[in-house]
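Below is one structure; the comments refer to it alone.
The values are calculated or read from the model by the stated rules, or taken from the named source; none is laboratory data. The structure presented is a predicted model; accordingly, all values stated were derived computationally and were not measured. Neighbour counts run over all protein chains shown; Cβ positions are idealised from the backbone, glycine included. These accessible areas exclude ligands, DNA and RNA; they are computed on the full protein's heavy atoms, side chains included. Shrake-Rupley method; radii C 1.70, N 1.55, O 1.52, S 1.80 Å.
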Protein chains: 2
Amino acid sequence: MLQPVEEIGKIAAETGIFFHIDAVQGAGKVPFDVRRFGCHLLSISAHKMHGPKGIGAMFIRRGTPIEPLLVGGSHERRLRAGTENVPGIVGLAKAAELAMHSLADGTIDRLATMRDSLEEAILRIPGTGVNGSIDGERKVPRVANTTNIWFDQLEGEALVIALDLKGVSVSGGSACHSGATEPSHVLMAMGLDKTRARTSLRFSLLKTANGADIDHVLQVVPQAVEHLRALAPVAAGTLG
Amino acid sequence: MLQPVEEIGKIAAETGIFFHIDAVQGAGKVPFDVRRFGCHLLSISAHKMHGPKGIGAMFIRRGTPIEPLLVGGSHERRLRAGTENVPGIVGLAKAAELAMHSLADGTIDRLATMRDSLEEAILRIPGTGVNGSIDGERKVPRVANTTNIWFDQLEGEALVIALDLKGVSVSGGSACHSGATEPSHVLMAMGLDKTRARTSLRFSLLKTANGADIDHVLQVVPQAVEHLRALAPVAAGTLG
């Protein structure tokens with residue numbers, strides 16, 4: 001779900017609060033302009049824009065007081081010690097450039113349409129729903145390529161593994177806690193109870209996704225859900 | 001200059017002090033074994049072993065109390081938050097493997113011989129000497145591929161630029177302070193005065209260096225030194 005960062009920026013400016021935006025998921029998927037946001041800091045990461053892993057960038061508005069976490073060298077104006085990862089920096093720049101093109105050339109709109117049809121088809125499975133919707137209305141502002149869906153009477157991690165075996169990679173928790181088996185803290189913060197959060201999966205489409213990929217997902221997901229529910233039904237009442 | 005880390009490790013063990021070794025320059029050039037060193041922590045970096053930039057590794061002896069600098073995710077046993085740079089990790093592992101081979105197959109010995117002959121030839125230029133030598137004796141323990149040489153009556157940075165124009169990359173300061181114009185804090189800590197430190201350059205040989213490279217360096221260095229000394233002689237007495 002997209003946050004109203006422009007409004008938050010105005011409140012921050014009025015109250016003199018420093019405002020940082022984590023734009024890692026949004027960069028390349030939503031057009032944005034740091035000047036309009038009124039933020040002091042904004043972070044992006046290359047690997048969320050089809051760029052290399054291990055490299056990110058931070059916008060720092062001139063005059064923002066900031067202290068380094070990594071010290072010991074004079075690199076990057078003394079704000080981050082360590083030999084600069086030049087190939088990574090070039091990769092990030094190229095990825096950002098290509099991401100800007102994708103926003104302009106209709107790739108992102110195509111992705112949103114594809115995500116919507118994927119979502120619609122998955123929701124035809126009984127006992128499913130979209131997390132982040134308001135009163136059942138799915139059209140809340142969000143990035144184009146992801147959907148987060150709960151599957152009643154199912155252990156999310158079991159479905160992650162079942163789909164992985166069929167060549168479909170989905171995510172159970174937050175990307176920040178890969179390998180963790182705890183329910184997503186983000187979903188919990190959004191008001192979901194622990195049981196619902198545990199049954200939830202995130203589907204993300206790459207920019208290269210095509211109709212055949214969607215068809216494959218729609219073939220394997222309903223089968224896997226039915227199979228797992230039949231095998232190990234969890235206690236009733238998880239719709240709560 | 002190689003430090004007597006094994007002895008330091010023994011002293012650390014006797015006195016209960018935690019011992020970290022910065023092995024970034026030594027890894028792949030000197031055989032080592034963390035168990036023999038008695039260190040608690042040891043760091044290496046891929047790009048100093050012909051691997052990718054932006055990735056390193058730290059040995060942590062079991063039971064060593066350590067706190068993360070980067071928090072917010074559960075990655076790497078909660079010690080370093082952030083999506084793992086998998087291509088970087090694989091690159092580091094491969095670089096380390098190849099570096100182990102280089103130690104075993106004579107590459108490093110060949111490099112040391114080549115460095116020695118480069119050094120010998122440069123020292124034929126009047127008013128030069130090796131930093132890190134003890135009482136003029138050059139054969140102190142050190143890594144195979146580098147030498148640090150002072151050039152009397154010369155501004156080191158001027159020679160860096162002159163050699164760069166001839167296709168030879170050398171370093172004036174410490175690698176930790178690229179872009180800084182201050183004399184190397186490492187040379188100063190070794191007891192050199194500021195003037196001597198300013199005239200000093202580090203020559204590093206890649207594993208791929210060959211005789212033709214050395215010939216080229218030996219052709220351009222004496223010419224550049226003579227040219228710069230004639231152009232802008234600094235105050236006499238810098239031998240001090």
- Note on the structure: Rounded to the nearest 10, the angle in degrees between the Cα long axis of helix B:156-165 and the longest principal axis of the Cα atoms of chain B comes to 90 degrees
- Tell me, what are the semi-axes, in whole angstrom and largest first, of the equivalent ellipsoid of segment A:5-104 as set by the roots of 5 times the Cα gyration tensor eigenvalues? 23, 21, 9
- Task: Select from segment A:1-96 those trypsin sites (Lys or Arg not before Pro) which occupy a DSSP coil region and have at most 13 other Cβ atoms within 10 Å, ordered by residue number.
- Result: A:R62
- Item | Rg over Rh, two decimals, chain B (C-alpha only, Kirkwood Rh) | 1.00
- When we measure straight from the Cα of A:K207, which lysines land under 24 angstrom away, once same-chain ones fewer than 8 places off are left out? A:K29, A:K48, A:K53, A:K94, A:K139, A:K166
- Compare the Cα positions of B:A144, B:I125, B:V225 along the charge dipole of chain B (+1 at Cβ of Lys, Arg; -1 at Cβ of Asp, Glu; about the Cα centre) and return the one farthest towards the positive end. B:A144
- Inter-part gap, Cα centre of segment A:21-62 to Cα centre of segment B:93-154, in whole angstrom, is 44 Å
- Message: Need one number: buried accessible surface between chains B and A, 1.4 Å probe, both sides summed, DNA, RNA and ligands left out, in Å² to 100.
- Response: 1500 Å²
- Message: What do you get for the angle between helix A:107-122 and the principal long axis of chain A? Use alpha-carbon atoms, 0 to 90 degrees, nearest ten.
- Response: 30 degrees
- Note on the structure: Amide H proximity to A:G129 below 5 Å, modelled H, separation 5+ or other chain, gives A:W150
- Residue-normalised value, i.e. accessible area per residue, for the protein assembly as shown at 1.4 Å probe, in Å², stands at 57 Å²
- Message: For the protein assembly as shown, what does the helix formula give at 222 nm: sum of -39500 (n - 2.57) over DSSP H segments with n ≥ 4, over the residue count, nearest 500 deg cm²/dmol?
- Response: -12000 deg cm²/dmol
- Under Stokes-Einstein, the protein assembly as shown at 10 °C and 1.306 mPa s, with its Kirkwood radius over C-alpha pairs, diffuses with a coefficient in µm²/s of 59 µm²/s
- Task: Per residue of A:81-87, count partner chain C-beta atoms within 10 Å of its C-beta, then hand back the mean as an integer.
- Result: 5
- Of B:T146, A:T147, ordered by accessible area with the largest first and a 1.4 Å probe, the sequence is B:T146, A:T147
- Note on the structure: Taking protein heavy atoms only, a 1.4 Å probe, and rounding to whole percent, the accessible area of chain B owed to carbon and sulfur comes out at 58 percent
- Query: Relative to the longest principal axis of chain B, what angle (0 to 90°, nearest 10) does the C-alpha long axis of helix B:86-104 take?
  - Reply: 60 degrees
